[in-house]
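Report on one structure; see the data block that follows.
The values are calculated or read from the model by the stated rules, or taken from the named source; none is laboratory data. Values in this document were obtained by computation on a predicted structure and should not be read as measured data. Note that we place each Cβ from the backbone using ideal geometry, even for glycine, and neighbour counts take in every protein chain shown. The accessibility values were calculated without ligands, DNA or RNA, using every heavy atom of the protein model including side chains. Shrake-Rupley method; radii C 1.70, N 1.55, O 1.52, S 1.80 Å.
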Amino acid sequence: MTITSAPVTGEATKTWSGRSMPRKEDGRLVQGQGAFVDDGGMHGQGYAWFVRSPYAHARIVSIDCGPALAMEGVYAVLTGEEAKAMCEAPFFAIAPPPGSLMQEWPLAVGKVRYQGDAVAVVLADTRETARDAAERVVVDYEPLPAVTDGVAAAEPTTPLLYDEAGTNVAWHGVYDYGDVDWALENADHVVKLDRLHFHRFTSSPLECNGAVVNFNRGTGVVDVLSNYQMPMFAAMVVGPTIGVPMNKFNFVTKDIGGAFGIKIGFYPQIAALALLSKKAGRPAKWTEFRTEHMLSAGHGNERTFLDIEVPVMSDGTILGLKARAFDDAGAYLHYEPLGAVIWSQVVPGCYKLKHVRVDYTEVVTNKCPVVPNRGYSRMQHLWLVERIVDVVAHELGLDAVEVRKRNYVQPEDYPYETPNGCIYDSGDLPRSLDLALELAHVDEWRARQRELGTGSGRRIGIGIGSTLDSGTNNFGQSRIINPELPFSGNGEAAFAKLDLFGEINVNLGTTPQGQGHETTAAQVAADILGVTPEDVTVSTGFNQANNSYVGFSGTYASQFAVSGLGAVMGAAQKLRHQIVKLAAFALQAEEEEIELEGGTARVRGDEERAIPFIGLANMVYTNNAGLPASLLSECDLNARYVYVPPFEVPDTVAKTGNLTLTYASQVHVCVIEVDEETGEVKVLEYAAVDDCGKRINPLVVEGQVHGATGLGIAASLYESLDYDESGQLQEPSFYEYHVGTAMDIPDVACGDIESPSPFTPNGAKGMGEGGGAPLHAVCAALQDALGGGGAVVSESHNHWARVYELVHREPGAPRGVEVITRSGGLANDAASL
Amino acid sequence: MGERATSHAVTVEVNGEKVSRIVAARQLLVHFLRDTLGLTGTHIGCDTGNCGACSVIVNGKLVKSCMILAAQTDGATIETVEGLAQDGTLSPLQESFHEHHALQCGYCTPGMLMSATYLLRHNPEPTDEEIRRGIRGNICRCTGYVNIVKAIRAVSRRQATGGHAVTAAAGEEV
């Protein structure tokens, strides 16, 4: 089936939603006709190049721009101090004190806090001149000791990044649900783990960040053509800092070459470019280069879990968990400490854990700031939960499949309320697991594993990762971090219009980066308006001038299928209502008699009485004399709709509430082979079962599953961002940072189960981020390969050298795990708990 | 110190069209294509020659255009993504990428298509392993390569069963 297929007639086959359709976007993209940010420009623009610190932590003693300014072709240089002087305030802080005292300006002021921190920005007539000139900006630094350990950072003796804050702790809070002390005292077993560490990596979109920013001297309007994925967030943060009101911003995005959350992080650059443009009196174009991206665009959250205690009954029922979490936010709080609450969307993971206490500390260190990264903050916690479930099974000699099935939220439990008041909407985890095991041919691999035995130098491991992709945030959860924040709920806008000749246009508030929004929006609108998706033109990207936006607009946090398409449905239905009203007037019929088909409004059962959309458009736009004023005022053929999900403000003291509307689930099964001699891991088979409710376009959904799987496998085996003690990034380019290639990522067998969400307009759930399931599945497979009594997989990243160490663990070396078994507990009566 | 040329005259044939320009000596081929000729379909994803977004075919060889100077291509025949479709008809690979959802953000796609085009010219019936080897120099962050492999495989089979004449040496390493 292709998008060029002929219109389908007949009521029964008339829906386009739910069909696998190749995308409308592809035509331009396969021909090199896309419009990515670096493809564009403005007349008279200069090229910007940031001067970045080679030190992780240093005082800026002096900056001499003279040699750079003396170069031919250099328009301007802007330093941190100058930028600050042009600003009205530092960037808005999400955190309350002390985090709010960790101020950030468009460029570093007084101090640099990570390798790659921007101290100045140059504007010149060519990219090459700008780059050369940036090297001639002479910065004198006085190096300071670097803080690179996310746990040690919290200790009072550790050097401070922000003297004015008096601590490196940006936020601290205790999440305490149920009664974990009681559970630990009364469980048959308590499994203790010393330390689990989720590593730092980035989904590193192939297109780096970029923007063309113009501070219009005549109007004061700041035009921002960029690939920023959450434009109005940038506007809200940058506006008050540089003194520009919302109605003087014009954010525009076009094609975006991947984002994965990372493209929420570069608002400081947009602010700096706006000030640079203002200073130089010409547009500033900046295209980040890869090394710059790896150093400074933003990394995913690194999190260390300490003192983990897990109460377990002897039948395998896991009662809860207790842990201390240290999240390393890097040098500036770009979107943080939102991650310190966002994880709590999935407190019990996929399981019926009732008693959970997490003591959560977020720190700043001399590393690149973290920003949302596909699976943002939930992935780290879900990995903790999955490691716990897996380790419990191994340590107690239980079957990893059975332990999961026993503890999963069961199909009959939905809607299921978690200990912190989140509502899991629907799902069937046991069936998802069965399907994944079948797709991965686990029975055959188990047999192979037994055949292989020991002594062959090779080991086979089979692992499961079960996760949730919580979608459509309730922004009220930000108040759990800071009760003063003026945010709650969520929403998205869309615009549907019947154009002059009866054509249909749809504008979105979203900023798609490959998720196929133009196609799925067209499918949904086509169903409502009685046309084909081909008949619906969906504008590419975001344009503030379209007015199809709200404060939450953008593409992030797995929500388009709900909030984006909810808005499209609403707008299309509004437009349909107008079309029907006009047609009823034109055809002298009742509104109930009008049906829309093939771009024509007709009276049901009377073929003679019909009017094509062009006729209705003509009535309104170019031939309206004599029409009733009441009709015209109701039917302007321009319909804007804002979808708002039903949310309440969470309880910020108890830290409870419904934090997300939908919960798509993923169950992955991974089969690996470990080479004992080299530590190399090969993925032999991989299966992913995704349940995201009703799928609007299964082809697109499956593509998202493939992508999330590929990134997760690469992160688990190949991709890691590591700093040495002086704060130097060890993987600052694609040479050192081994991005997964087609040789590394295996084929993926996909299965799907559709458990429609009862809470969304279309039964769909947001999806795409994927919960990091491959990280969990690969770790579990590795644990399986290591066998009972072997090393415990305690790192999320397991490249060959670490795997070698795990396989060749010194006998008797500490395993970091302990099981305390208590006789006379609750007599194995898990049901009473 | 001898006189150093900071610019060179370059004449190339790009997608069948002959163009002559004076280029800066330091200009990379990818910047020549994008900035000077306005062929923005060829993309840049890294600065170390690892990502393959800038892949083009120069004198019949697959080249990462960020790893070669424009001045080095004087007299060359260059093929870019803009030249794949002929007379408004997508190439079989372009069509197959569309049908199999082998692209999401589309940023790697031009380079991926050039590598796949080159692969099939030299190995019209590759195994999956050979397909993966053929695109190992092209990074995609969206698709996990699953549908890209599928799309290339579909075209190769179609070519094999459709009896297309392929004259280049088979099995050459990419």
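From the residues in the stretch A:481-502 that are open to solvent by 10 Å² or more (accessible area, probe 1.4 Å) and not in a loop (DSSP other than H, G, I, E, B), which one is nearest to the other protein chains (Cβ to nearest Cβ)? Filtering the stretch A:481-502 for residues that are open to solvent by 10 Å² or more (accessible area, probe 1.4 Å) and not in a loop (DSSP other than H, G, I, E, B), the one nearest to the other protein chains (Cβ to nearest Cβ) comes out as A:F495. Of all the residues in the stretch A:259-295, those that are away from chain B (no Cβ under 14 Å) and assigned to a helix (DSSP H, G or I) number 15.
Quick grid of which residues meet (1) polar (S, T, N, Q); (2) assigned to a loop (DSSP other than H, G, I, E, B); (3) surrounded by fewer than 17 Cβ atoms within 10 Å (Cβ to Cβ):
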site	(1), (2), (3)
A:A146	no, yes, no
A:G150	no, yes, no
A:A153	no, no, no
A:G173	no, no, no
A:D176	no, no, no
A:E185	no, no, yes
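What do you reckon, is A:E451 surrounded by fewer than 24 Cβ atoms within 10 Å (Cβ to Cβ) and within 14 Å of chain B (Cβ to nearest Cβ)? Answer is no for this residue.
For the stretch A:701-711, check the following and say yes or no: at least one residue is open to solvent by less than 40 Å² (accessible area, probe 1.4 Å) and among the acidic types (D, E). Looking through the stretch A:701-711, none of the residues is open to solvent by less than 40 Å² (accessible area, probe 1.4 Å) and among the acidic types (D, E). Filtered by the rule that a residue be closer than 30 Å to A:T202 by Cβ and of a type in the set (G, A, S), the stretch A:374-399 gives A:G375, A:S377.
In the stretch A:451-467, is there at least one residue being small (G, A, S), modelled with pLDDT of 95 or more and within 26 Å of A:L659 (Cα to Cα)? For the stretch A:451-467, residues small (G, A, S), modelled with pLDDT of 95 or more and within 26 Å of A:L659 (Cα to Cα): present. Filtered by the rule that a residue be farther than 13 Å from B:L29 by Cα and either open to solvent by 10 Å² or more (accessible area, probe 1.4 Å) or charged (D, E, K, R) (or both), the stretch B:76-92 gives B:E82, B:G83, B:L84, B:A85, B:Q86, B:D87, B:G88, B:T89, B:L90, B:S91, B:P92. Among the residues making up the stretch B:1-18, those that are under 19 Å from the mean Cα position of the chain (by Cα) and part of a strand (DSSP E or B) are B:V12, B:E13, B:V14, B:E17, B:K18.
Yes/no matrix, rows are residues, columns are (1) aliphatic (A, V, I, L, M); (2) in a loop (DSSP other than H, G, I, E, B); (3) more than 30 Å from A:E597 (Cβ to Cβ):
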position: A:L616; (1), (2), (3): yes, no, no
position: A:S630; (1), (2), (3): no, no, no
position: A:T662; (1), (2), (3): no, no, yes
position: A:V667; (1), (2), (3): yes, no, yes
position: A:R695; (1), (2), (3): no, yes, no
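The requirement of being part of a loop (DSSP other than H, G, I, E, B), within 20 Å of the chain's Cα centre (by Cα), in the same structural domain as A:V793 (by TED's automatic domain parsing) and at positive phi is satisfied by A:G349. Selection of the stretch A:503-529 for residues being in contact with a strand residue (DSSP E or B) (Cβ under 6 Å, 6 or more places away or on another chain) and open to solvent by 10 Å² or more (accessible area, probe 1.4 Å) yields A:N505, A:N507, A:E518. Scan the stretch B:47-54 and give yes if some residue there is within 14 Å of chain A (Cβ to nearest Cβ), without any contact (Cβ under 8 Å) to a residue 24 or more places away in the chain and in contact with a Lys or Arg (Cβ under 6 Å, 6 or more places away or on another chain), otherwise no. Checked against the condition, which is being within 14 Å of chain A (Cβ to nearest Cβ), without any contact (Cβ under 8 Å) to a residue 24 or more places away in the chain and in contact with a Lys or Arg (Cβ under 6 Å, 6 or more places away or on another chain), the stretch B:47-54 yields at least one hit. A:G740 meets the conditions (1) in a loop (DSSP other than H, G, I, E, B); (2) touching a helix residue (DSSP H, G or I) at 6+ places or on another chain (Cβ under 8 Å); (3) surrounded by 24 or more Cβ atoms within 10 Å (Cβ to Cβ) in every case but one. The failed one is (3). Yes or no: B:T109 among the β-branched types (V, I, T), touching a Leu at 6+ places or on another chain (Cβ under 6 Å), open to solvent by less than 60 Å² (accessible area, probe 1.4 Å) and within 11 Å of chain A (Cβ to nearest Cβ)? For B:T109, the condition - among the β-branched types (V, I, T), touching a Leu at 6+ places or on another chain (Cβ under 6 Å), open to solvent by less than 60 Å² (accessible area, probe 1.4 Å) and within 11 Å of chain A (Cβ to nearest Cβ) - is met. Screening the stretch A:286-315 for residues that are under 30 Å from A:D399 (Cβ atoms) and surrounded by 22 or more Cβ atoms within 10 Å (Cβ to Cβ) and picking the one that is nearest to the chain's Cα centre (by Cα) gives A:R303. Could we say that A:D327 is acidic (D, E) and not in a strand (DSSP E or B) here? Against the criterion (acidic (D, E) and not in a strand (DSSP E or B)), A:D327 does not qualify. Whether any residue in the stretch A:753-761 is among the aromatic types (F, W, Y), away from chain B (no Cβ under 14 Å) and in contact with a helix residue (DSSP H, G or I) (Cβ under 9 Å, 6 or more places away or on another chain) is what I want to check. Yes; the residues of the stretch A:753-761 include at least one that is among the aromatic types (F, W, Y), away from chain B (no Cβ under 14 Å) and in contact with a helix residue (DSSP H, G or I) (Cβ under 9 Å, 6 or more places away or on another chain). Taken as a whole, the structure places A:A715 among residues that are touching a Phe, Trp or Tyr at 6+ places or on another chain (Cβ under 7 Å) and buried (at least 22 other Cβ atoms within 10 Å of the Cβ). Inspection of the stretch B:114-127 identifies no residue that is at the interface with another protein chain (Cβ under 9 Å from one of its Cβ atoms) and within 21 Å of A:E702 (Cβ to Cβ). If the condition is being hydrophobic (A, V, I, L, M, F, W, C) and either within 14 Å of chain B (Cβ to nearest Cβ) or in a helix (DSSP H, G or I) (or both), then the stretch A:243-258 contributes A:M246, A:I256. Would you confirm whether any residue within the stretch A:434-443 is over 21 Å from A:E795 (Cα atoms), open to solvent by 40 Å² or more (accessible area, probe 1.4 Å) and in a loop (DSSP other than H, G, I, E, B)? Looking through the stretch A:434-443, at least one residue is over 21 Å from A:E795 (Cα atoms), open to solvent by 40 Å² or more (accessible area, probe 1.4 Å) and in a loop (DSSP other than H, G, I, E, B). The set of residues in the stretch B:32-67 being surrounded by fewer than 24 Cβ atoms within 10 Å (Cβ to Cβ), hydroxyl-bearing (S, T, Y) and outside any loop (DSSP other than H, G, I, E, B) consists of B:T36 alone. Would the stretch A:204-225 turn up any residue that is open to solvent by less than 10 Å² (accessible area, probe 1.4 Å), part of a loop (DSSP other than H, G, I, E, B) and away from chain B (no Cβ under 14 Å)? No, there is no match, as no residue in the stretch A:204-225 is open to solvent by less than 10 Å² (accessible area, probe 1.4 Å), part of a loop (DSSP other than H, G, I, E, B) and away from chain B (no Cβ under 14 Å).
Please work out if A:G298 is touching a Phe, Trp or Tyr at 6+ places or on another chain (Cβ under 9 Å) and at positive phi. Spell out how you get there, then give the answer.
Values: touching a Phe, Trp or Tyr at 6+ places or on another chain (Cβ under 9 Å): yes; at positive phi: yes.
Yes; evaluated as a whole, the condition is true for this residue.
Please determine whether any residue of the stretch A:771-787 is touching a Ser or Thr at 6+ places or on another chain (Cβ under 6 Å) and part of a loop (DSSP other than H, G, I, E, B). The answer is no; no qualifying residue exists.
Only helices (runs of 4 or more DSSP H) whose full extent lies in the stretch A:20-123 are considered here, and the ones with at least 1 residues that are within 14 Å of another protein chain (Cβ to nearest Cβ) and farther than 30 Å from A:E725 by Cβ are A:26-29.
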